[in-house]
Amino acid sequence: MIALERIDPEVAEIVRGEQRRQNETLELIASENHTSRAVMETSGSCLTDKYAEGYPHRRWYCGNEHIDAVEELAVARICKLFGVEYANVQPHSGTSANIAVYLAALEPGDKIMGMRLDHGGHLSHGMKLNFSGRQYEVVSYGVREDDELIDYDLLREQALAERPKMLIVGASAYPRVLDFAALGEIASEAGCLMLADIAHIAGLVAAGVHPSPAGHADFITTTTHKTLRGPRGGVIMAREEWAKKLNVAVFPGIQGGPLMHAIAAKAVAFGEALSEDFRKYARDVVENARALAESLVEAGWRLVSGGTDNHLVLLDLRSRNEDLSGAEASGWLEAAGIIANKNGIPFDPRPPIQTSGIRLGTPALTTRGMGAEQMRQVAAWIDKVLSSGGDENTLSEVRREVGELCSRFPVPNSVAAEGNV
Ligand code: DSN
């Protein structure tokens, strides 16, 4: 940050502050992670200066030989990683990737069937205020009330009765395995297309720790910055037969110039995800989530669906304190240096701004090198904070202990990790 320090000390101080915050707190937001220095460097490279509307060797502007090379590399690497025929690495985000799929495969007013947002789905899967809920006719499926799992028989009946044009599967807060093979069969039986949005679990899928939708879904979309541990962005994958329609849907359909610094950083992250180290990382993410879940259950907290198969845990606060909301609990945790988000739980009596749950994820702590021992400690702190009634002394005491643990596990992309601060 030498130039930034000199030219704009005000912004430099803000960036340093954020880096300190990341280093000194525990990041348990399930959708966040810490990228490698290589991904970070590429994101901040000269590729940010280049306009490259179009696709490799078919650009609107000149001077794209290096840009073409990096986009082709990103595409080749992600196709290898997920075993797919086609990928478009230009979407700016996961939602942009979904918009492009809808634009390529649906007409306004077509029926889509996605998971309810309040049962763990995503805004772009048909939420009424989102473009997806306004542009298309939406039917939603959810989880069973008794075990909080997707009921595949019920989903099949609903799909056969509703005959949507597209079944959308994937979630932001579902702690269990998604059976893509069963979902693919349901989609075929109902005669509809299937989109698997694997934004949360992409890293686990890439590493073979979660079943893959490849071969079962017509379209796969993902973000690149969650368990996949790349820069912010999105990707679409499909069979080659969809290539032309999807390419046109992304550009010129919904985007202009691609963010080439982000695409180059995606290439770096996909290269990292192809390594044996990354496969171990993904296994550790899941083992850590299990260790966190088991310790929370031992402390008397109820988890949605009773536990986890993936990287996240949804804790039902009512199980120990009927009066504690997710909004209040996440505030106490933040004061203690534990960063998590309030999250609705299935059949939540509280509104989304309050919620009865908190969502906890292990991707970022696992990237810092933490293991089961640290997860048990983190669970003990969470239990202590949530049982404290918000007592300031307790929160400060935990905050100090959290700081000590953080200093032993610096964020890998930070200067602290290199011993420079
Ligand atoms: N905001 C993301 C999450 O936290 O899951 C989903 O887009």
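The values are calculated or read from the model by the stated rules, or taken from the named source; none is laboratory data. Small disclaimer: the values here were computed from a predicted structure and weren't measured. Backbone-built Cβ (ideal geometry, glycine too); neighbour counts: all protein chains shown. Surface areas here come from the heavy atoms of the whole protein model, side chains and all, with no ligands, DNA or RNA. Shrake-Rupley method; radii C 1.70, N 1.55, O 1.52, S 1.80 Å.
Within segment 126-151, count every residue that is in contact (Cβ under 8 Å) with a residue 40 or more places away in the chain and under 18 Å from PRO175 (Cα atoms).
6
Inside segment 71-101, can you point out the residues that are part of a helix (DSSP H, G or I) and open to solvent by 30 Å² or more (accessible area, probe 1.4 Å)?
Answer for segment 71-101, where residues must be part of a helix (DSSP H, G or I) and open to solvent by 30 Å² or more (accessible area, probe 1.4 Å): GLU72, LEU73, VAL75, ALA76, ARG77, LYS80, THR95, ILE99.
Select the strands (runs of 3 or more DSSP E) contained entirely in segment 114-211, then report the ones holding at least 2 residues which are within 20 Å of THR223 (Cβ to Cβ).
The strands (runs of 3 or more DSSP E) meeting that bar are 166-169, 193-197.
Hey, can you tell me all the residues within segment 160-182 that are of a type in the set (Gly, Ala, Ser) and touching a Phe, Trp or Tyr at 6+ places or on another chain (Cβ under 8 Å)?
Selection gives ALA182 alone.
Can you name the residue in segment 173-207 that is among the small types (Gly, Ala, Ser) and within 16 Å of the ligand (Cβ to nearest atom) and is also farthest from ARG163 (Cα to Cα) among such residues?
GLY203
The rows are residues; the columns are (1) among the hydrophobic types (A, V, I, L, M, F, W, C); (2) modelled with pLDDT of 95 or more; (3) more than 16 Å from the ligand (Cβ to nearest atom).
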| position | (1), (2), (3) |
| --- | --- |
| GLY307 | no, yes, yes |
| HIS311 | no, yes, no |
| LEU314 | yes, yes, no |
| LEU317 | yes, yes, yes |
| SER325 | no, yes, yes |
| SER330 | no, yes, no |
| GLY337 | no, yes, yes |
| ALA340 | yes, yes, no |
| ASN343 | no, yes, no |
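Is it the case that segment 87-100 has a residue that's free of Cβ contacts under 8 Å to residues at least 60 places away in the same chain and among the β-branched types (Val, Ile, Thr)?
No, there is no match, as no residue in segment 87-100 is free of Cβ contacts under 8 Å to residues at least 60 places away in the same chain and among the β-branched types (Val, Ile, Thr).
For GLY256, which of the numbered conditions (1) open to solvent by less than 40 Å² (accessible area, probe 1.4 Å); (2) in contact with a strand residue (DSSP E or B) (Cβ under 9 Å, 6 or more places away or on another chain); (3) not acidic (Asp, Glu) fails to hold?
For GLY256, the failing item is (2).
When you scan segment 51-60, how many residues do you find that are in a loop (DSSP other than H, G, I, E, B) and closer than 19 Å to ILE254 by Cα?
Looking only at that region, the number is 5.
Going by what's in this entry, would ARG20 be described as open to solvent by 30 Å² or more (accessible area, probe 1.4 Å) and closer than 30 Å to SER396 by Cβ?
Against the criterion (open to solvent by 30 Å² or more (accessible area, probe 1.4 Å) and closer than 30 Å to SER396 by Cβ), ARG20 qualifies.
Considering only residues that are within 16 Å of the ligand (Cβ to nearest atom) and either in a loop (DSSP other than H, G, I, E, B) or open to solvent by 10 Å² or more (accessible area, probe 1.4 Å) (or both), which ones fall in segment 224-240?
THR224, HIS225, LYS226, THR227, LEU228, ARG229, GLY230, PRO231, ARG232, GLY233
So, in segment 310-337, exactly how many residues are surrounded by fewer than 23 Cβ atoms within 10 Å (Cβ to Cβ) and closer than 30 Å to GLY208 by Cα?
Here the count works out to 1.
Consider only pairs whose beta carbons are under 8 Å apart and that are at least six residues apart or on different chains; among these, list those whose first residue lies in segment 8-23 and is without any contact (Cβ under 8 Å) to a residue 60 or more places away in the chain and whose second residue is of a type outside the set (S, T, N, Q) and open to solvent by 80 Å² or more (accessible area, probe 1.4 Å).
Every condition considered, the pairs that remain are ALA12/MET1; VAL15/MET1; ARG16/MET1.
Kindly establish whether ALA30 is within 16 Å of the ligand (Cβ to nearest atom) and either in contact (Cβ under 8 Å) with a residue 12 or more places away in the chain or surrounded by 16 or more Cβ atoms within 10 Å (Cβ to Cβ) (or both).
Answer is yes for this residue.
What pairs can you find where one residue is in segment 316-341 and without any contact (Cβ under 8 Å) to a residue 40 or more places away in the chain and more than 30 Å from GLN19 (Cβ to Cβ), the other is surrounded by fewer than 22 Cβ atoms within 10 Å (Cβ to Cβ) and of a type outside the set (A, V, I, L, M, F, W, C), and their Cβ atoms are less than 7 Å apart, with a gap of 6+ or different chains?
Partner pairs satisfying both residue conditions: SER319/ARG302; SER325/ARG350; SER325/GLN354.
Please go through segment 285-316 and give me each residue that is part of a loop (DSSP other than H, G, I, E, B) and of a type in the set (D, E, K, R), ordered by number.
ASP309 - this is the single residue of segment 285-316 that is part of a loop (DSSP other than H, G, I, E, B) and of a type in the set (D, E, K, R).
For segment 101-141, enumerate the residues that are among the small types (Gly, Ala, Ser) and more than 16 Å from the ligand (Cβ to nearest atom).
Hits for segment 101-141 are ALA104, ALA105, GLY109, SER140.
Restricting attention to segment 173-193, does a residue exist that is in contact (Cβ under 8 Å) with a residue 12 or more places away in the chain, buried (at least 17 other Cβ atoms within 10 Å of the Cβ), more than 21 Å from HIS311 (Cβ to Cβ) and basic (Lys, Arg)?
No, segment 173-193 contains no residue that is in contact (Cβ under 8 Å) with a residue 12 or more places away in the chain, buried (at least 17 other Cβ atoms within 10 Å of the Cβ), more than 21 Å from HIS311 (Cβ to Cβ) and basic (Lys, Arg).
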